[in-house]
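Input: a single structure, listed below in structure tokens.
The values are calculated or read from the model by the stated rules, or taken from the named source; none is laboratory data. This one's a predicted model, so the numbers in the text were calculated from it and none came from an experiment. Glycine also receives a Cβ, built like all others from the backbone with ideal geometry; neighbour counts cover every protein chain displayed.
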Amino acid sequence: MEKRPPEHAQRQERPESETEEVTVLVTAAQRKPALAIARTLGKREYEVVVASHHRIAQSFFSRYATHTAVYTDPKRNERAFVADLLATVARYDVDVLLPTDHVTTISVLRFRDRFASDLSIPAVEYETLLATEDKARLLSIADDIGIPTPDTHRPGSLAELEEIAAEIDYPAVIKHNKGVGASGVQYVTSPAELRSAYDSSGESTQHIERDWPLVQEYVPGETHDVNALFAEGEPRVAFTAHRTSTFPRSGGRAVITESTREPELVDSATRLLEHLEWHGVAEVEFKLDADGDPKLMEINPRIWGNIDLAIRAGVDFPALLCDLALTGAVTPPMSYAVGRKVIWIDEGLASNLWASSGRLDYARYVAREYVTGAETPVELSDVAPHVVRLLQLGARGARAAVQGGWQTLASSVAGESGA
């Protein structure tokens, strides 16, 4: 399945650092970061190959997708996924590979040595990725270098769980030790709920396996992100954003975000990423506690879900990442627009409107944000991907109505990372 953009597509001049006919392969074409990447690189005259394990993915229908490819779902067969990706790289003579979701990032970095040396993958080494995957390990590293984190406990037995249940403050949070995003997060308000939550996770033995959930302090405030680009452990670009609305409403993927300038958060994120000798992009997530002080939550080691905001505010991370991949050099923007807002019209917004109390007030809030200047990622000159996505959302909503209402859709949305 192939499709080239129309000849009359509006293009932007590419920086002098870029070479002619550079081809970039972008994974997870079904998710919104891939569409944003395809658009911004396509406008700079890159050849963009978008790929997915879905046969119908929104980015396949973008005018900026030069080629499309389908690969095996890495969750089902990781080695077949890598083989498919290698074939796509060879077929289109790919110069830069950008994995853009959690699963493909892990697989690409795990099998990095399978790819040819002339293919650039501007990302951290797999061992560094593992440090960010393990939340307990990451928070321990942050504690060691003086970055505030939520109080976090990692039970090693049911006896330890009982001790923790008796000592901690409530509400508390249970979350998976591995992975990113809101998937698997539970909130408990008492020791009994904490024990029940572990039972519902399948705990029936006297010892909790290494990757069983963490028990963590509940941090009630909103989420603030530091989006960064590093080159071999050296900071190059930083951008901050505030998630003013999320799904779930208690914290998760962005529904509405605003560009900010928060130097204290940048300082904390920079110290952490320098310590990890970071390379490539990262999203460092903080939440504000009851006193308004930021606490580190996690690192997203790839291009993040709300990348559109940074691009629209003047920090084109995908283009800068390609500069890093191709030349090793990055020229950061002199500044960026603060106060720019983006609303994502997707399952998160739909679920917040329909699957929660106070939906009318929430609808008024979203409408007010839009009327007062918040943008959406919809581009009328490239509208086909949005039509496809809305049709997919409608189909999912219809299935959810049959299977259990919007709560069913909400649960499936919460399980998606970086969408």
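Of everything listed in (1) without any contact (Cβ under 8 Å) to a residue 40 or more places away in the chain; (2) surrounded by 14 or more Cβ atoms within 10 Å (Cβ to Cβ); (3) of a type in the set (D, E, K, R), the single unmet condition for residue 135 is (1). When you look at residue 106, is it under 22 Å from residue 34 (Cβ atoms) and either in a helix (DSSP H, G or I) or touching a residue at least 12 places away in the same chain (Cβ under 8 Å) (or both), yes or no? So residue 106 passes the test. Which residue out of 264, 274 is part of a helix (DSSP H, G or I), in contact (Cβ under 8 Å) with a residue 12 or more places away in the chain, farther than 30 Å from residue 368 by Cβ and of a type in the set (Asp, Glu)? Going through 264, 274 in turn, the sole match is 274. Can you name every residue in the range 132-166 that is at pLDDT 95 or above and outside any helix (DSSP H, G or I)? Correct list: 145, 146, 147, 148, 149, 150, 151, 152. Just one of the numbered conditions (1) closer than 25 Å to residue 272 by Cβ; (2) not in a helix (DSSP H, G or I) is not true of residue 128: (2).
Working only within the range 325-341, note down all residues that are out of contact with any Phe, Trp or Tyr (no Cβ under 8 Å at 6 or more places or on another chain) and within 22 Å of residue 259 (Cβ to Cβ). Scanning the range 325-341 gives 330, 331, 332, 333, 334, 335, 337, 338, 339, 340, 341. Checking the structure you have, find out if any residue of the range 113-123 is within 27 Å of residue 295 (Cβ to Cβ) and not in a strand (DSSP E or B). Yes, that holds for at least one residue. Here residue 60 meets the list (1) closer than 14 Å to residue 318 by Cβ; (2) touching a residue at least 40 places away in the same chain (Cβ under 8 Å); (3) part of a helix (DSSP H, G or I) almost entirely, failing just condition (1).
Scan the range 237-251 for residues that are hydroxyl-bearing (Ser, Thr, Tyr), over 30 Å from residue 322 (Cα atoms) and within 16 Å of the chain's Cα centre (by Cα) and jot them down. 245, the sole residue that qualifies.
One line per residue, one yes/no per condition, for (1) part of a helix (DSSP H, G or I); (2) at pLDDT below 95:
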| position | (1), (2) |
| --- | --- |
| 325 | yes, no |
| 329 | no, yes |
| 332 | no, yes |
| 336 | no, no |
| 352 | yes, yes |
| 365 | yes, yes |
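Considered as a group, the residues in the range 148-168 that are surrounded by 18 or more Cβ atoms within 10 Å (Cβ to Cβ) and hydrophobic (A, V, I, L, M, F, W, C) include one that is farthest from residue 217 (Cα to Cα), and that residue is 161.
Beta carbons closer than 8 Å, at least 6 apart along the sequence or on distinct chains, pair a first residue in the range 286-299 that is part of a loop (DSSP other than H, G, I, E, B) with a second that is among the charged types (D, E, K, R) for 289/295. Among the candidates 389, 340, 312, 396, the residue that is basic (Lys, Arg), surrounded by 14 or more Cβ atoms within 10 Å (Cβ to Cβ), at pLDDT 95 or above and under 24 Å from residue 28 (Cα atoms) is uniquely 312.
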